[in-house]
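Visitor: Encoded as structure tokens, here's the structure I'll be asking about.
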Amino acid sequence: QVQLVESGGGLVQAGGSLRLSCAASGRTFSHYTIGWFRQAPGKEREFVAAITWSDGSTFHADSVKGRFTISRDNAKNTVYLQMNSLNAEDTAVYYCAARQGYYRDNSYLYPDWGQGTQVTVSS
């Protein structure tokens, strides 16, 4: 059973940075993709970034390219989301999710989810 635990959220001023962590356990993740999604109040959940565990290929939504970077630490079974130049539109609950197979940006294709971590950017 896949378990995902996010951490690192909080309150930050506009222009600041945060690093989110997603600790994964319960499986061998060599054939998995780990994604970050976010959901703001009153909005649908949206794709942020993803990484394929096998070769480390990364994918980022256009809205975060150049500001956010996804990475992984194989030894720690942890995926990170480094978020720089944050703005108020980045305020949301951030979730990590896992799926077997290659990258997809559709949240419905990820069966396993963490509990989420709140990111609030003050302007």
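The values are calculated or read from the model by the stated rules, or taken from the named source; none is laboratory data. Nothing here was measured: the structure is a model prediction, and the numbers come from that model. Note that we place each Cβ from the backbone using ideal geometry, even for glycine, and neighbour counts take in every protein chain shown. Protein only, heavy atoms only, side chains kept; ligands, DNA and RNA dropped before computing areas. Shrake-Rupley method; radii C 1.70, N 1.55, O 1.52, S 1.80 Å.
Visitor: Of everything in the stretch 46-64, what is charged (D, E, K, R) and over 12 Å from the mean Cα position of the chain (by Cα)? Give them in sequence order.
Guide: ASP55, ASP62
Visitor: Tally up the residues in the stretch 48-67 that are assigned to a strand (DSSP E or B) and touching a residue at least 24 places away in the same chain (Cβ under 8 Å), please. Reasoning before the result, please.
Guide: In the first step, residues of the stretch 48-67 are kept if they are assigned to a strand (DSSP E or B); the result is 48-52, 58-60.
Applying the additional criterion that residues be touching a residue at least 24 places away in the same chain (Cβ under 8 Å) yields 48-52, 59.
The number of residues fulfilling the criteria is 6.
Visitor: Limited to the stretch 35-61, what total is found for residues that are under 22 Å from SER122 (Cα atoms) and open to solvent by 40 Å² or more (accessible area, probe 1.4 Å)?
Guide: 7
Visitor: Which is open to solvent by less than 80 Å² (accessible area, probe 1.4 Å), of a type in the set (D, E, K, R) and within 20 Å of GLN3 (Cα to Cα), of ARG67, ARG27, ARG72, ARG104? Step through it out loud before you land on a result.
Guide: Values: ARG67 fails: within 20 Å of GLN3 (Cα to Cα); ARG27 fails: open to solvent by less than 80 Å² (accessible area, probe 1.4 Å); ARG104 fails: open to solvent by less than 80 Å² (accessible area, probe 1.4 Å).
Matching residue, one of ARG67, ARG27, ARG72, ARG104: ARG72.
Visitor: Next question, about the same structure. What's the number of the condition LEU86 fails, among (1) touching a residue at least 40 places away in the same chain (Cβ under 8 Å); (2) open to solvent by 20 Å² or more (accessible area, probe 1.4 Å); (3) over 14 Å from the mean Cα position of the chain (by Cα)?
Guide: Failed condition: (2).
Visitor: Take the conditions surrounded by 15 or more Cβ atoms within 10 Å (Cβ to Cβ) and without any contact (Cβ under 8 Å) to a residue 40 or more places away in the chain and apply them to ALA92. Does it pass? Before you say what the answer is, go through the steps one by one.
Guide: Values: surrounded by 15 or more Cβ atoms within 10 Å (Cβ to Cβ): yes; without any contact (Cβ under 8 Å) to a residue 40 or more places away in the chain: no.
For ALA92, the condition - surrounded by 15 or more Cβ atoms within 10 Å (Cβ to Cβ) and without any contact (Cβ under 8 Å) to a residue 40 or more places away in the chain - is not met.
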